[in-house]
Amino acid sequence: MDLIKTPLSQSWDPKAAQLTAVRFTDASETLIELLGIPFGGPFGGKDMYGTYFSSKTDLALDWFDKRPLLYHHGLDKSVKMVVVGQVNSWKVKESVGVWMQAQLDASNEYFAAIKQLIKDGKLYSSSGSLSYLVDIDGNTGEVKRWPWIEQSLTPTPSNPFAIVDMRSANEHFASAGLSESFNRARKQAWETVE
C-alpha cells in the first residue's frame, strides 16, 4: 500500500539509511527521509521494550494527509511541544517498515540545532499514537494497532513515553495548521472503537 504524496529520492539506499535513521535528501537542508516505523527490531526481532511493528500492524495511515513532526515527542524541557516540521509523505516497504519524508520548518527557533544533530547522525525517529487506541499482543509483543498520530526526531528511539495524549495531539495538529484533519481522524477513531 503506497500512500506517498511526493516521491522519496531515487538514490536513497535503505541498507545505508538504516545506519542513520534520519538523513537529509539530496541537495536539501530542510527535507529529511527516515525509517519512521520499522518492522521488527534489533533484539530478537523486537525493540528494547519487547514490542514490534509488523506489516500487519494497523497504522491508520489513511487518517491524515500529513503528520506533525516534533522533537522528542514534546518531552524535551527546552524545546517542549514545538512542532519542528511536518511529515508530508510515506511509503510502506513490506519487509522493512514505513519510510517517510518530512519538511523541517526552517523558520523554527530550533532549526539550526536540529539540522546540526541530523548532520552529525545523532537523531533517530519515533512514532507516537494515542494510548487508548493502541493494541499490543501481550504474549508476542506484536503491535496490532498503532494509529500513527505524530512523528518525532529523538536522540533516544523506542521511548516508552512516546504516546501523545488527546490534548497534546490537538495542540500539535493546531500548531501545524492541521486541526481539521485531526478532528476528522478523531471522529474516525471513535467510530473504530465503538
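The values are calculated or read from the model by the stated rules, or taken from the named source; none is laboratory data. Quick caveat, the model's predicted, so the values are computed rather than measured. Positions of Cβ are backbone-derived with ideal geometry, glycine not excepted, and every protein chain shown enters the neighbour counts. Protein only, heavy atoms only, side chains kept; ligands, DNA and RNA dropped before computing areas. Shrake-Rupley method; radii C 1.70, N 1.55, O 1.52, S 1.80 Å.
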Open item on the list: Looking for something hydrophobic (A, V, I, L, M, F, W, C), at pLDDT 95 or above and on the phi < 0 side of the Ramachandran plot - is there at least one such residue anywhere in segment 5-28?
Closed with: no
TODO: Could you tell me whether segment 59-80 includes any residue that is open to solvent by 60 Å² or more (accessible area, probe 1.4 Å), of a type outside the set (Gly, Ala, Ser) and without any contact (Cβ under 8 Å) to a residue 12 or more places away in the chain?
DONE: yes
- [ ] Note down all Cβ pairs under 7 Å where the first residue falls in segment 115-134 and is farther than 16 Å from Gln151 by Cα and open to solvent by less than 20 Å² (accessible area, probe 1.4 Å), the second is at pLDDT 90 or above and not in a loop (DSSP other than H, G, I, E, B), and they're at least six residues apart or on different chains.
- [x] Leu133/Arg145
Task: Residue list for segment 35-54, filter: in a strand (DSSP E or B) and open to solvent by 10 Å² or more (accessible area, probe 1.4 Å) - done: Leu35, Pro38, Phe39, Phe43, Lys46, Tyr52, Phe53
Open item on the list: Just to confirm my filter: which strands (runs of 3 or more DSSP E) fall fully inside segment 55-147 and include at least 1 residues that are among the β-branched types (Val, Ile, Thr)?
Closed with: 83-93, 97-104, 143-145
Task: Selected residue [open to solvent by 10 Å² or more (accessible area, probe 1.4 Å), under 15 Å from the mean Cα position of the chain (by Cα) and on the phi < 0 side of the Ramachandran plot] from Thr156, Thr140 - done: Thr156
Open item on the list: Filter segment 34-44 down to the residues that are more than 15 Å from the chain's Cα centre (by Cα), closer than 21 Å to Val22 by Cα and of a type in the set (Gly, Ala, Ser) and list them by number.
Closed with: Gly40, Gly41
